[in-house]
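To start, the structure itself, in structure tokens.
Each value in this text was obtained by applying a stated rule to the coordinates, not by laboratory testing. Predicted model, so just to flag it, every value in this text is computed and none were measured. All Cβ positions, glycine included, derive from the backbone under ideal geometry; neighbour counts span all protein chains shown.
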Amino acid sequence: MLIFLNFCITLSSYSQVDEKYAIKTVVIDAGHGGQDDGTSGRKAKEKDIALAISLKLGTYIEENIPDVKVIYTRTTDVFIPLNERANIANKNKANLFISVHLNGNKNTKAYGTETYAMGLHKTSGNLEVAKLENSAILFEEDYSTKYEGFDPNSAESYIIFSYLQNTFLEQSLNCAVFVEEEFKTKALRKSRGVKQAGFLVLWQTTMPSILIEAGFLTNPHEERFLMSSDGQEYIASAIYRAFKSYKMSIEEKSQFAAKIDANIQDDDSLLPESSTTLNENFNIITFKIQIASSSNSISTSSDFFKGFKNIEEYKFDENFKYTIGSTSNFEKIVEYKKTIEETFPDAFIIAIDGMSNLIPLNKALNKTKN
Ligand SMILES: [Zn+2]
């Protein structure tokens, strides 16, 4: 049995993390339970596999990152309403909410992993996944009062999510990228990507939150993998490593920000570099400040950008992202962000490699250090 756990990296170097940024509490939410089986394969029930993976994941975090408090929404086969799961996370002031699920599809050939952040679905496939997961509320009494008339099976109900202002969307997407990256590269799963859809369980959380579909129980081959103890450990350890990377990326950012006292004003090097230079050298890491994200393309001269010039449009997964500034110097971009934040308070730094791929910030920082 081969498990890709990486215990070598010590977290003690992060002891000076600004409290404001520290990831101290994570809520692990095993989907479904009790009378709600979730999706089913030939033998496996989603509620059982989700619980097994969740408990393994929690144990990895407890054993290897003792400064993080792990809270489970359930540790046994019980039914927990969706809004109560979010309540548990909110009440405990969790810094991250991870909901673990397994996928199902009429097409038994479908397989692979998907990690979701809250948002409006961009494809009917994403909507179907959300419908399936949200139909868990049909097991709840008074669901129509509790969820303000939301009908999990009606596409119209999902329109409310188009008005969604999710403060934590970008962090949630960043975390989801780490998870899918681990699934793909270490657990050797087929990553179907980072996606967005309207999940009720994520809706009411007040922190970055993701929902993982760790594979299809309706695919007999994948069902066997997910039912096996090895398979569950692969999945759990991949999520564990993603959590660790996410934690480090958040906390490392705060350290960098604290270290910098340089006062940079207008700097030509913050203007976009030519894209040909970027594409010629894969190893060049470029830092940019993301100020907006949209499912539709927005003109870079739109009023939306409040007169800022040099806005760049960048397509990632199913979203258009809008960035300003471009430099390979991380300290400079951190400093520039302070100016941008005055107009776009939710702005944050992203890293792009020479092939125009969005890469996790901690990886980018490691690369630039070497
Ligand atoms: Zn589910």
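Answer rounded, prolate or oblate for the stretch 19-252, using the Cα gyration tensor with square roots of eigenvalues a ≥ b ≥ c: rounded when a/c is under 1.5, else prolate when a/b is larger than b/c, else oblate.
Details: a/c = 1.36, a/b = 1.07, b/c = 1.27.
The shape class here is rounded.
Name the long-range amide H neighbours of F216: under 5 Å, sequence gap of 5 or more, or other chain; modelled H, no Pro or chain starts.
Correct list: N103, G112.
Hand me the GluC sites (Glu not before Pro) from the stretch 82-156 located in a DSSP loop with no more than 16 other Cβ atoms within 10 Å, in residue order please.
Working: sites: E84, E114, E128, E133, E140, E141, E148, E156; in loops: E140, E141, E148.
Loop-located and lightly packed - E141, E148.
Under a point spin-label approximation (7 Å from Cα along Cα-to-Cβ), what is the E341-T167 distance to one decimal in nm?
1.4
Report the FRET efficiency, 1/(1 + (r/R0)^6), for K69 and T300, where r is their Cβ-Cβ distance and R0 is 51 Å, rounded to 0.05.
The calculated FRET efficiency here is 0.75.
Between N310 and S154, what length in nm is gained on full extension when 0.36 nm per residue of separation is reduced by their alpha carbon distance?
52.0 nm
Could you pull out every residue, at least 5 positions away or on a different chain, whose amide H is within less than 5 Å of the one on S326? Hs are placed 1.01 Å off N in the peptide plane, and Pro or chain starts have none.
Long-range HN contacts for S326: L271.
Over the C-alpha atoms of the stretch 72-111, what are the Rg and the largest Cα-to-Cα span, Dmax, in Å?
Looking at the stretch 72-111, its Cα Rg and Dmax stand at 13.9, 40 Å.
Leaving out same-chain residues fewer than 8 places away, which lysines sit with a Cα under 19 Å from that of K122?
Hits, sequence-local ones excluded: K131, K195, K315, K321.
Among the listed pairs K20/K93; K56/K106; K69/K244; K186/K367, give every one whose C-alpha distance is greater than 24 Å.
Violating the 24 Å Cα-Cα cut-off are K56/K106.
Set the Förster distance to 35 Å, then compute FRET efficiency between L127 and S328 from the Cβ-Cβ distance, nearest 0.05.
0.30
Run the quick spin-label model on K106 and K43: label points 7 Å from Cα toward the beta carbon, then report their separation in nm to one decimal.
With each label point 7 Å from Cα toward Cβ, the separation is 2.8 nm.
Using the Karplus equation 6.51 cos²θ - 1.76 cosθ + 1.60 (θ = phi - 60°), what ³J(HN,Hα) coupling, rounded to whole Hz, does each residue of the stretch 116-122 give in order, writing x for Gly and Pro?
So the Karplus estimates, Gly and Pro as x, are 10, 10, 5, x, 8, 4, 9 Hz.
Describe numerically, in nm with one decimal, the distance between label points set 7 Å from Cα along Cα→Cβ at N92 and at K363.
Spacing of the two 7 Å Cα→Cβ label points: 2.9 nm.
For S229 and D77, compute 0.36 nm times the residue count separating them, minus their Cα-Cα distance, and round to one decimal in nm.
My answer for the length gained is 52.9 nm.
Quick check on the exposure proxy: order Y158, Y246 from fewest to most C-beta atoms within 10 angstrom.
Least crowded to most crowded, the residues run Y158, Y246.
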